[in-house]
Amino acid sequence: MNQPPPLPQNNQAQPCGLATASLVLGIASLFFWIVGGIPAIVTGHLARKRIHKANATLTGDGLAIAGLILGYASTVLGSIIVVLAVAGFFAGMAVMNRADKITSEASARALEAAVNNFHTEYGSLPDVPYQVTTDAGEGVKLLNVLLGLEPDSDRMQNQRSIKLLSAKETKTKSRGLLYHSSGRTAEGFYDSWGNPFTVQLDIQNEDCLRVSLGDKITILNGRKVAVFSPGADKKFGTADDIKSW
C-alpha cells in the first residue's frame, strides 16, 4: 500500500519581529520613557494582532505582552512625574510671587513710615506735589529728602540730614532702592516687578486721602500718606496691587 509523501518541514512557527521590538522598546522605556513607552505599546498591540491572525505560524505573544506591560507602566509613571513636576513648578511660582509681594509691601510701608517720621521730626510733610512716583523728578527728590541726601543749601528740607528711609538696595530698576553710581543720591525706588511706587500726600491737611486704583477709589481717613504700586500684572485695581495700608 502506497504511503503519502511526507509534508515539507518549512512550516514551523516563526518568531514575530514586532513582538521582539515591543519588548526591546519596553525595556528601553524604563530609562527613556518618552522615547520608548508609546512605541512599545503600539508595536505590542500590532504584534499580538498579527500573531493571532497567523494561525500559529508566528510566536512571541508573551514577548508582546511583556513589552505592553513595560510600555504602559513607564508611560503612566512618566506622566505622573510630568504632572508632579508641572504642579511643583506652579506651586513654586506661587510661593515666589507671594514672597515678592511681601517684600514689596514691606518697601511700601517703609516709605510711608519714612514720610510719617519726617512729619514727626519737622512738623510738616515734605515739600513735594500731592502725588509723585519714585522713578523721576519730584519722586526722586522725595527719596533724597527722606534719605538725608539733599544737596547742602538753604532750601534743605531735612535740615539734620536724618536717614528716615531704610530699604533694601538694588543695582537694577527692581526690588528696592536704586542709588546713583556715586552713592551720593538715590535714583529710584521699585517694587519686585520693576514698578515705581506712587506716593500720595495729604498736603491740604484734610486728614484724609482719596486713592484711585483703577476704577476703584479708596478713602483713607486719618492718614497723611499712602504708598502703592500696580504689582505683578502692572495694572492698578487688581488683586495683586501693592498697598501700604
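Just so you know, all these numbers are worked out from the coordinates, no wet-lab data involved. Not measured: the values here are computed from a predicted model. Every residue, glycine as well, gets a Cβ built from its backbone with ideal geometry; the counts of neighbours run over all protein chains shown.
A few notes on this one:
- The range 1-139: C-alpha pair distances exceeding 18 Å, %: 74
- Residue among LEU143, LEU177, LEU30 with the largest mean-square fluctuation in a Gaussian network model of the chain, springs linking Cα atoms under 10 Å: LEU30
- Cα-centred dipole magnitude for the chain, charges only on beta-carbon of K, R (+1) and D, E (-1), debye, nearest 20: 1160
- Sum of side-chain charges, GLY67 neighbourhood, beta-carbon under 12 Å (Lys, Arg +1; Asp, Glu -1): 0
- Each of TRP193, TRP33 was scored by other Cβ atoms within 10 Å of its Cβ. Listed from fewest to most, they are TRP193, TRP33.
- Rounded if a/c under 1.5, otherwise prolate or oblate - the range 29-105, Cα gyration tensor axes: prolate
- Once backbone amide H atoms are built at 1.01 Å from N, TYR179 has THR170, GLU187 as its partners under 5 Å, excluding neighbours fewer than 5 places away on the same chain.
- Principal-axis tilt of helix 33-53 within the chain, Cα atoms, nearest 10 degrees: 30
- Rounded to the nearest 10 degrees, the angle from helix 137-147 to the longest Cα principal axis of the chain is 80 degrees.
- Order of THR120, THR43 - criterion: other Cβ atoms within 10 Å of each residue's Cβ, fewest first: THR120, THR43
- Percent of C-alpha pairs per 10 Å bin, the range 105-243, short to long: 13, 45, 34, 9, 0
- Residues whose amide H falls under 5 Å from that of LEU213, counting only those 5 or more places apart or on a different chain, are THR218, with hydrogens built in the peptide plane.
- The range 56-70 residues near the modelled ILE27 label - backbone nitrogen below 15 Å, point 7 Å along Cα→Cβ: 63-70
- Projecting the Cα positions of TYR190, PRO126, ALA21 onto the charge dipole of the chain (unit charges on Cβ atoms of Lys, Arg, Asp and Glu, taken about the Cα centre) puts ALA21 furthest along the positive direction.
- Taking other C-beta atoms within 10 Å as the exposure proxy, VAL227, VAL132, VAL42 rank VAL42, VAL132, VAL227 from fewest upward.
- Gaussian network model of the chain, springs between alpha carbon atoms under 10 Å - residue of GLY88, GLY176, GLY194 with greatest fluctuation: GLY88
- Within a Gaussian network of the chain (alpha carbon springs, distance under 10 Å), most fluctuating of VAL199, VAL76, VAL225: VAL76
- Over the chain, dividing the summed -39,500 (n - 2.57) contributions of all DSSP H runs of at least 4 residues by the number of residues returns a 222 nm mean residue ellipticity of -15500 deg cm²/dmol.
- The calculated FRET efficiency for ILE34 paired with VAL95, based on their beta-carbon distance and R0 = 41 Å, is about 0.90.
- Compared with the dominant Cα axis of the chain, that is its longest principal axis, helix 17-29 is turned about 30°.
- Inter-label distance for THR172 and ASP233, nm, one decimal - labels placed 7 Å from Cα along Cα-to-Cβ: 2.4
- When only alpha carbons are used to place a centre, the range 17-33 and the range 69-128 end up 44 Å from one another.
- Kirkwood analysis of the chain, using all unique Cα-Cα pairs, places the hydrodynamic radius at 23.6 Å.
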